[in-house]
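Quick notes on the structure that follows.
The values are calculated or read from the model by the stated rules, or taken from the named source; none is laboratory data. Just so we're clear, the structure is a prediction, and the values are computed from it rather than from any experiment. Positions of Cβ are generated from backbone atoms using ideal geometry, with glycine treated the same way; all protein chains shown enter the neighbour counts.
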Amino acid sequence: MRFSEKVAFLVTERRSLMWSVVVLIAIVGVGILVAFLRLDTEVLNLLPRGFDSVEGLKTYNSEFAQTRELTFALLCQPEDADKLEEFAPKFVEKLRAQPWCVRVLAGSPMETPDGVRDLQRIALPLLLNLEPEDFDRAISLLQPQKIQERLAQLRREIESGSPRPEIELTLDPLGLITPSLKPFAGNAAMETDQPLTSPDSTMRVFPTVTNQPSISAFDCQKLMKQVNAFRASAVEGWDGGKLEVLITGRSAYVAEISLSMRHDIVATVLSSIALVGAVFFIGFRRWLPLLGMGFALLLCCLIGLAAGLLIFHRLNMVTVGFCAILVGLGVDFAILIYGRYQQARSEGDGHRVAVADAVHSLGRAVFFGALTTAVGFLALVLSNSSGFIQLGVLIAIGISAAGVLMTTVFFLFVPRGNVPLRNDWILDSVRNYVHRMLARPRSILAISAPILMALLIIAMVPQIPLTFEANARSLEPKNSRAGTALSLIMQKMPVRWEPVLGIVRAATEQQLHDFWKSISQHWAELQRAGKIKSFSTPNALALSPREMQRNRLELASINFDAARTALQNALTQNRFNPGAFASAFELLNQLQAAAAPDFKIPSWRTQLPLGSAWWFLVERYFAQDSLTTTGFVTTNTPVATQEQKNVLARELPVAGIPITLSGWSYTLTDLVPWSHRQLLLISALMAIFDASLLAILYRDLRLWLVQVITLALAVAAMIASMKLLNVPLNLLNVLAFRLVLAIGVDYGIYVLLVWQRSHDVARDLTGVVKPVVLAGLTAIAGFGSLGWAHNPTLSGLGVACAIGLFWSLAATIFFTLPAAVAVKPKLPQGHFTEAELEHA
Amino acid sequence: MRNIVVVICLITSCALGVRAESLSPADIKSLLENIREKRAAAPSMQADFQEQRKVHLLDEPINSSGKIWFQAPTKFRIERKGNAPSITVSDGEQLWIYYPNFKSAEHYSLAKRSPLDAAISAITTALNLENVEHTFHIAGDKAGKGYDLELTPRNPSMKRIFQKLLLHLSDDLFAERTDMLQPNGDQIVTTYQNPNHAAIPASQFEFTPPPGTEVSTPLGK
């Protein structure tokens, strides 16, 4: 018994057994989904592995405090700028009162008494951390004569009207704190780097750290629910015109993305099913096979997801597009098989015979179609992007399952009784076209070839550019509130370009200190040489146990009693108010205590209150693990090219110190060539595979050439259409090309195999072209439905694929077939041997 | 006799009441409009001044005197005399303070949210009064001679620098006395004498440090 007959026997005579198998597969699949379903919402996991810059970005994104930071912004009308300044403190007060709010940065900490006090609290460990020569110079100010001279000088300057001595004496009455606070040296540094008020005063920004327990999608959603409730009531008391409360940050993005994933799954699957169902019904006017097709596709999705979970343990956001893609692809098989089955029934065959005929006639095409598509998607394994690797593997599994299920389980839903189709206008149209094409193929080529050639020229000419979006926003969900907020903030706050990050991990505190000391010296040289514009590092905050021990020993040589007396005398002589200098005496006490051999110096981390605004500055440099740190380099011009990146990668590191350079702009200089390489290299590999497969399959140079040219023209037409319709490529929808290539090969195989092997060409071509057209339309509808996804990765992929599939289908029908007829005229039926006819 | 004393007290009270008549919001608006017209007609001013500063860091106030030149809206020059002379010059964007005794100068960039911005605004507000109603709550009295205004900042940045600015204007609506109270308890009282509204050459608001001057930028560039 042939394989096709065995299948027909099982699905018609052993239906209970088949259903049992189906139910078992479904139970196992659902069980795996319920037990293991984990979603990975990290957008950075879509980026390829193997790039240090990407790894650095992931580290910065996950380990530094910004993971729990939200940025609030108030945006008012220009005429309300003064009102906004008046309203801002009330808003901050409300914000601080929220149970999820840990701290808010409402202005430079130096402008508040608390900020100054916090700075004085951490002075001791930072002072002891100074380099020996700096420390010696600093504590020389404790000599009685120097104390007196300094205070007398400052007194004279106050009399002269200078604001400086008042600022200096308020912060640093002994002159010891300033040298120890290099990172805070420019008291407006934080404001300069990250201005909190827009130049036109219509926007005020409030970075806020939350107490979100984890960075999981669910915790982000929970937090943002509370935050949005606060947003609704936050403007109470505002009496001006329109006031917008903008909120952005990682949690805002993750909450939106994870919610949009749910929307994307529902919207794309439902619209995909609806569109595909509509096309199927228009083509065949049958409900039960449509139901069977949907059921089989659902089972394919279940198998793919379950297998994916077992393999990867956690599914990335891109894989939510898996179901829609699989529906778009798998439906081809059902339509082809059912088309052939219906043709056999309409010619008088019984149910079982028609099933066997359909499987026998198209099983080979379905097998090769599934193979090429599966291999096409498996090529994504080479992308190095975990999200796309998952997508590729899941679709490869799903499409293989579809190949099996559509030739077996699908028939469980096909009724035994036959109701012939009346008025099949699609079949009639196809028949007319096939007859005309067989009679005058060149007349069709005369129209299709010039159109495709024109599109080829458009695709190749550089004057009409294909837009390539290489910024991070191309990955954001559409209409993202967090994205819009960020965009508005960026517009209003024209800051310098994004710095390059230098992430350094160390094993010990001393090593961290030594690393940053060397790096700071090296970067200072680069700055002097004009190779970089500026830099900032956690050098002064990275404590050195060795220096601290040495400096403590030096403190033992100070006569603190004499210093205290000198300070008291200087205050009296210069008629200073001793009460205003209490912090100076306190610091002297601390230094004296630190000189004791058994004194344990407190870490500055424990001295800084949790709500201190200085944490915003500290946490720019330190991750949650205090031995993971980052420095910032501002380049002379924004990093935009790989040449710039290569120069930085060569210049910034210090020999022997492991440093990871990163930042979005820096990383994109890696990713853009990567995505170009993706487009060329992997597509080329796949094209070679497809070409080899076709050569083996056809064993005919002319047919092989026809198909290869068709594929090239279809891809060129796709590029030309994207150019003309201004559909941009982004980092991820470049992968659409391989998908179109895979499906385009399938269409070619379906029609050319029939053309090559058929003994009744007109009939068999009509029988296959109709399903191919319907399959093409359903695939276009399936992928087009991805356009409804909020995630631009998915929607971009869907739109690009829909365009590509349209051209693949059009090229197959209007170019491949007439070209095959033109270059290889079919011999009369009598020319075939019996064996060949049997094989066909 | 007792009745006479009571009558005298009543008359005195009435007289005082007349001398310190509160201004309604409409009066204040009208007054500010008059001030604007005056400034438009005479945007320059130079005067002698005397200043008393109570600084919380010091046990006793500091007295100084000198001369001030002002050009609306934001240019000024202050020359202090005495034991601790200094020259303060601002063109509205840059501020220089030169100390002849120390041969040193401090240079500040304004309008970059420096801590000096609001302090400078206080000086220019007192002498200019342009658009003060937008940044201050204003209350006022008609005094026997001129007007007394009390300006309370609306904006947090101003509030950080001073709590209240008391301003006495002459009958011709120019500042005669200012009293600025700061949140940290510091107080600056300035009186202006011998005002003159002749035009002032632009060079008066420019400053180039003399050769050999040590220049510092205490708040960075």
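Observations
- Residue match in the range B:179-190 (condition: modelled with pLDDT of 85 or more, within 21 Å of B:SER22 (Cα to Cα) and either more than 14 Å from chain A (Cβ to nearest Cβ) or under 16 Å from the mean Cα position of the chain (by Cα) (or both)): yes
- In the range A:659-681, the residues that are farther than 14 Å from A:ILE503 by Cα form Cβ pairs under 6 Å with partners that are β-branched (Val, Ile, Thr), at six or more places apart or across chains, as follows: A:SER665/A:VAL639; A:SER675/A:VAL734; A:GLN678/A:VAL734; A:LEU679/A:VAL734.
- Counted residues, the range A:483-526 - those being touching a residue at least 40 places away in the same chain (Cβ under 8 Å) and under 23 Å from A:SER201 (Cβ atoms): 10
- With respect to the conditions (1) aromatic (Phe, Trp, Tyr); (2) buried (at least 24 other Cβ atoms within 10 Å of the Cβ); (3) in a loop (DSSP other than H, G, I, E, B), A:PHE280 falls short on a single one, namely (3).
- Members of the range A:106-137 that are closer than 30 Å to A:GLN226 by Cβ and within 14 Å of chain B (Cβ to nearest Cβ): A:ALA106, A:GLY107, A:SER108, A:PRO109, A:GLU111, A:THR112, A:ASP114, A:GLY115
- For the range A:619-659, the set of residues classified as out of contact with any strand residue (DSSP E or B) (no Cβ under 8 Å at 6 or more places or on another chain) and among the aliphatic types (A, V, I, L, M) consists of A:ALA640, A:VAL647, A:VAL654, A:ALA655, listed by residue number.
- Selection status of A:GLY369, under 30 Å from A:VAL706 (Cβ atoms), touching an Asp or Glu at 6+ places or on another chain (Cβ under 6 Å), crowded, with 22+ Cβ neighbours inside 10 Å and of a type outside the set (Lys, Arg): yes
Condition check ((1) surrounded by fewer than 18 Cβ atoms within 10 Å (Cβ to Cβ); (2) within 30 Å of A:LEU627 (Cα to Cα)) across all residues:
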| position | (1), (2) |
| --- | --- |
| A:VAL647 | yes, yes |
| A:LEU671 | no, yes |
| A:ARG677 | yes, no |
| A:ILE688 | yes, no |
| A:ALA695 | yes, no |
| A:TYR698 | no, no |
| A:LEU701 | yes, no |
| A:VAL706 | no, no |
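- A:ALA720 vs. criteria out of contact with any Ser or Thr (no Cβ under 9 Å at 6 or more places or on another chain), in a helix (DSSP H, G or I) and crowded, with 16+ Cβ neighbours inside 10 Å: yes
- Of the residues making up the range A:133-160, those that are without any contact (Cβ under 8 Å) to a residue 24 or more places away in the chain, out of contact with any helix residue (DSSP H, G or I) (no Cβ under 6 Å at 6 or more places or on another chain) and either over 19 Å from A:ILE177 (Cα atoms) or of a type in the set (S, T, N, Q) (or both) number 5.
- Criterion violated by A:ALA507 - all others in (1) farther than 20 Å from A:VAL633 by Cβ; (2) in a helix (DSSP H, G or I); (3) modelled with pLDDT of 90 or more satisfied: (2)
- A:THR59 vs. criteria outside any helix (DSSP H, G or I), within 30 Å of A:LEU608 (Cβ to Cβ), modelled with pLDDT of 80 or more and touching a strand residue (DSSP E or B) at 6+ places or on another chain (Cβ under 6 Å): no
- Top-ranked residue in the range B:42-66 [being within 13 Å of the chain's Cα centre (by Cα) and of a type in the set (D, E, K, R); ranked as surrounded by the most Cβ atoms within 10 Å (Cβ to Cβ)]: B:GLU51
- For the range B:191-221, a tally of residues being within 14 Å of chain A (Cβ to nearest Cβ) and not polar (S, T, N, Q) returns 6.
- In the range A:532-568, the residues that are in a helix (DSSP H, G or I) and within 14 Å of another protein chain (Cβ to nearest Cβ): A:LEU567, A:GLN568
- Yes/no for A:ALA781 being on the phi < 0 side of the Ramachandran plot, at pLDDT 85 or above, part of a helix (DSSP H, G or I) and of a type in the set (A, V, I, L, M, F, W, C): no
- Filter pass, A:ALA775 being under 28 Å from A:ASP428 (Cα atoms), small (Gly, Ala, Ser) and assigned to a helix (DSSP H, G or I): yes
- Residue in the range B:28-46 that is assigned to a helix (DSSP H, G or I), more than 9 Å from chain A (Cβ to nearest Cβ) and touching a Gly at 6+ places or on another chain (Cβ under 6 Å) present: yes
- Residue count, the range A:242-252 (criterion: at pLDDT below 90 and surrounded by fewer than 22 Cβ atoms within 10 Å (Cβ to Cβ)): 1
- Residues within the range A:574-598 that are facing chain B (nearest Cβ under 9 Å), surrounded by fewer than 18 Cβ atoms within 10 Å (Cβ to Cβ) and either aliphatic (A, V, I, L, M) or in contact with an Asp or Glu (Cβ under 6 Å, 6 or more places away or on another chain) (or both), tallied: 2
- For first residues located in the range A:350-378 and farther than 10 Å from A:ARG340 by Cβ, partners that are among the basic types (Lys, Arg) and lie 6+ apart or on another chain with Cβ distances below 8 Å form the pairs A:HIS351/A:ARG345; A:HIS351/A:ARG416; A:ALA356/A:ARG2; A:GLY376/A:ARG738; A:PHE377/A:ARG738.
- Of the set (1) modelled with pLDDT of 85 or more; (2) at positive phi, all apply to B:GLY220 but (1).
- Some residue of the range A:86-100 being more than 36 Å from the chain's Cα centre (by Cα), away from chain B (no Cβ under 14 Å) and touching a residue at least 60 places away in the same chain (Cβ under 8 Å): no
- Some residue of the range A:737-749 being part of a helix (DSSP H, G or I) and in contact with a Cys (Cβ under 7 Å, 6 or more places away or on another chain): yes
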